[in-house]
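Asker: Here's a structure for you.
Every number here is computed from the coordinates shown, using simple stated rules; none is lab data. Because the structure is a prediction, the values reported are computed rather than measured. So basically every Cβ, Gly included, is an ideal-geometry build from the backbone, and we count neighbours across all protein chains shown.
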Amino acid sequence: MTDGPHAGEGVDEGEQRESADTDEGPAGAESTDAPADGPSDATAADVPPDVQKYDRFKKIDGGTYDRANDFLRDRTYVTAREWAIARLCADFRTETGVEMTKIGENLPELVPFMTDTYTPQAVNQARTSFEEKVRKAGATFLYGAMCDFFTAEELDDVMYEATEVAKFLLEVEGVELSVEEELAAEDEISEVMREVRQHSTALRHDEVTCPECGHDIETDQ
C-alpha cells in the first residue's frame with residue numbers, strides 16, 4: 001500500500017516526510033524535549049485537563065509506531081498518523097471547529113506512539129488526507145459491491161473482514177464492544193449490503209428478479 005501525503009505545510013513536502021516516518025514519530029514534525037513516554041515534570045502542569053484525561057490509544061506505547069503503521073498498511077489505505085489524528089479531530093471537535101492547535105501541541109501526550117508535536121497546518125493536512133482516502137476507498141468498495149463482480153457470499157466475506165479490522169481499531173482506541181453490540185452491527189451491515197445488491201441490480205436492469213430472495217425489482221428507468 002502506498003501512503004498519501006504526510007502532514008506538513010505543502011503536498012510536496014508532505015510526501016517527502018511520509019516516506020521518512022519511523023518509530024520515533026513522523027519526520028518533519030516539530031521537535032519536543034519531552035521523553036517518548038510522556039511529558040516531563042516541568043511541562044506536565046501545562047497540559048490541559050482534557051488532554052490529561054484523554055485515555056485512548058493506551059494499548060499502544062511509543063515503541064510500536066512501526067507495528068501500528070505496518071498493520072494499517074496491510075489492511076487499510078491510511079497510516080497510523082492519519083488514523084490517530086482523525087480520531088483526535090473527532091474527539092476534540094467543538095461548535096466552532098476542531099481544536100487543531102491543542103491536538104498538535106499535545107500530540108505526544110494524546111497518542112503514545114506519536115512522539116513529536118505538530119503544527120495546526122500539519123494536523124489539518126493529516127485529517128484531510130484521511131478524509132480523502134476514506135472517500136476514495138468508499139467509492140471503490142461501493143462500485144465493487146454494485147458491479148456484480150462479487151457473489152453475495154464473497155461480498156459477505158469482504159464485509160466480515162472489513163468489520164473485523166474496524167472493530168480491532170476501535171478496541172485499540174479503547175472502545176469496549178459487547179458481543180451483543182458486535183452481532184447487532186454485523187446483522188445491520190449485512191442487511192444494508194443486501195439492499196445495495198438489490199438496488200444496484202435494479203440500476204442495471206429495468207426489471208429483474210432479485211438473486212437473494214426471488215422477488216421482482218422494478219425501476220422507473
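Asker: Under a cut-off of 21 Å between alpha-carbon atoms, report the lysines in cross-link reach of residue 136, not counting same-chain residues fewer than 8 places apart.
Answerer: Within the straight-line cut-off, residue 136 pairs with 167.
Asker: Which of the peptides 88-101, 170-183, 112-125 is most tightly packed, and how do the rest follow, going by the mean number of other Cβ atoms within 10 Å of each residue?
Answerer: Answer by packing, highest mean first, reads 112-125, 88-101, 170-183.
Asker: Okay, next question. Based on the Cβ-Cβ distance of residue 135 and residue 64, what FRET efficiency does E = 1/(1 + (r/R0)^6) give at R0 = 35 Å, to the nearest 0.05? Intermediate results must be reported in sequence, preceding the final value.
Answerer: On the way: r = 28 Å, r/R0 = 0.81.
Result of the calculation: an efficiency of 0.80.
Asker: With r defined as the distance between the Cβ atoms of residue 121 and residue 192 and R0 fixed at 41 Å, what FRET efficiency is calculated, to the nearest 0.05?
Answerer: 0.65
Asker: Once the Cβ-Cβ distance between residue 183 and residue 146 is put in as r, and R0 is 25 Å, what FRET efficiency do you end up with, to the nearest 0.05? Numbers along the way, then the final one.
Answerer: Working: r = 26 Å, r/R0 = 1.05.
About 0.45, to the nearest 0.05.
Asker: Ok, one more. Using 0.36 nm per residue, how much length does the chain from residue 101 to residue 46 gain when fully extended, once their Cα-Cα distance is taken away?
Answerer: 18.4 nm
Asker: Using the count of nearby Cβ atoms within 10 Å as a rough guide to exposure, how do 129, 190 rank from fewest to most?
Answerer: Listed from fewest to most nearby Cβ atoms, that is 190, 129.
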